1. Given the criteria closer than 27 Å to residue 283 by Cα, in a helix (DSSP H, G or I) and open to solvent by 20 Å² or more (accessible area, probe 1.4 Å), does residue 462 qualify?
2. Suppose we keep only residues that are surrounded by 16 or more Cβ atoms within 10 Å (Cβ to Cβ) and of a type in the set (A, V, I, L, M, F, W, C) within the range 302-315. Which one would you say is nearest to residue 404 (Cα to Cα)?
3. Of everything in the range 418-459, what is open to solvent by 40 Å² or more (accessible area, probe 1.4 Å) and either more than 27 Å from residue 169 (Cα to Cα) or in a helix (DSSP H, G or I) (or both)? Give them in sequence order.
4. Output the number of residues of the range 134-176 satisfying the condition of being touching a helix residue (DSSP H, G or I) at 6+ places or on another chain (Cβ under 7 Å), among the aliphatic types (A, V, I, L, M), outside any loop (DSSP other than H, G, I, E, B) and surrounded by 12 or more Cβ atoms within 10 Å (Cβ to Cβ).
5. Could you grab me the full set of residues in the range 282-301 that are among the small types (Gly, Ala, Ser) and buried (at least 20 other Cβ atoms within 10 Å of the Cβ)?
6. Would you confirm whether any residue within the range 338-355 is within 21 Å of residue 109 (Cβ to Cβ), assigned to a strand (DSSP E or B) and among the small types (Gly, Ala, Ser)?
7. Looking at 129, 194, which is the one that is in a helix (DSSP H, G or I) and hydrophobic (A, V, I, L, M, F, W, C)?
8. If we scan the range 54-65, do we find a residue that is closer than 22 Å to residue 424 by Cβ, open to solvent by less than 30 Å² (accessible area, probe 1.4 Å), of a type in the set (A, V, I, L, M, F, W, C) and at pLDDT 95 or above?
Amino acid sequence: MTHGNGTRDDGPLADVSAVPAGRHAVVVGGGLAGVTAALALADAGVRVTLLEGRPRLGGLAFSFRRGDLTVDNGQHVYLRCCTAYRWFLDRIGGTALAPVQERLDVPVVDLAAPEGRRLGRLRRDALPVPLHLGRSLAAYPHLSLAERARVGRAALALKGLDLADPALDDQDFGRWLTAHGQSSRAVEALWDLVGIATLNAAAGDASLGLAAMVFKTGLLSDPGAADIGWARVPLGELHDRLARRALDSAGVRTEVRTRVTSVAVDGDGEWSVRVPGETLRADAVVLAVPQREAHDLLPAGALDAPGNLLEIGTAPILNIHVVYDRKVLAAPFLAALGTPVQWVFDRTGASGLKTGQYLALSQSTAQDEIDTPVAALRERYLPELERLLPRARGAEVKDFFVTRERTATFAPAPGVGRLRPGARTKAPGLYLAGAWTATGWPATMESAVRSGVGAAGAALAALGRSRDRLPAFEEAA
């Protein structure tokens, strides 16, 4: 049955021959990459069918209901420099629902300080790069004066790296930092504070190429580049409801609960996309699914080294959700040092909670805890929150639950760059999209959107369609 929004709830796919004639593209996967590719193709006049195996769109950035709460599976943020994701928000009509802070301002609380709890801030001034962070760094209490000076020198060295140099991909960021005078304390209190959240890897496990891209683009390209944006509504409002509305308006046929079982090309170059009980015919196919799923769907010969997709590692993110009977955090978010807690976000308004406060802890590089039982996590993290947030000490915990994304991102390990394929395959008419493809970015919403635009652009060129309506994004500095 197909409702007015073009989404199938059950039953077989309708006959695609009923759709007006013309070039037809099938996009497999309804995450940000797939939705972006579908919109970009449809905007260029291509007839598009979008297939998603889950009952919703949004991929790994989604929401669900828990009693009266609407819960995001994990906290997702973006930066002002994420021009592709900002375009996506504008394209679906969601910009006002996920605004960017006026000026970078991150409270950082250190629980290992001699006095037991020390507050610092990372914020920028309205000055040119790199002076925009100078005053904040000079006053940053979590580093010594000598460490702050060495951080400044390392930042200038980082700014001088050429992101196009493939040799950067084979080096690890941790060794580079050590070679440039960074103490273990500086790595913990500054470089990893940012890097773990954006790369989902500690400096020693991260490709220098990807780390340099993050810091050059976010902190050293434009004074406002690192200003933080996040959704003030559930992610499902953006990535599912508004995305579906935009797809419908663009004429895209969207089918959820529809898992693709095979993709093949016939002798005349037309593609067949199989779903249970049906076959869709297409002039172009975009596989916008995780790398292992893409590997399983790729026809023979589509990539020179398809096994590379299986060599791209994954990294988990653990999200801990705590509902208190009162407000315990005054800021919208904060970062923490000297504690297992990494970042804490206030999700009260977005969740629909009427009384009390709902906090979400985003724990990247969670390999050691991703399978830890909820009771053990509760025993570990509630006392840490009481140390971090004094107001929590007398508050009642109304709810405590956990969401786990075991393959939240690809692992940005040294050497991963040569494993990430581009949008084009060796099979004419077949394209790849996903944050794991060769966008130059780590596994972020920005990378996903960029990949979708890249795949759509490659498909349009092959179909002989104009690419004039494709967005153009600024490249990394």
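The values are calculated or read from the model by the stated rules, or taken from the named source; none is laboratory data. Nothing here was measured: the structure is a model prediction, and the numbers come from that model. Cβ sites come from the backbone with ideal geometry, for glycine too, and all protein chains shown count toward neighbours. Just so you know, the surface numbers come from the protein's heavy atoms only, side chains and all, with ligands and any DNA or RNA stripped out. Shrake-Rupley method; radii C 1.70, N 1.55, O 1.52, S 1.80 Å.
1. yes
2. 315
3. 418, 428, listed by residue number.
4. 5
5. Answer for the range 282-301, where residues must be among the small types (Gly, Ala, Ser) and buried (at least 20 other Cβ atoms within 10 Å of the Cβ): 282, 284, 288, 294.
6. no
7. After ruling out the rest, the residue left standing is 194.
8. no
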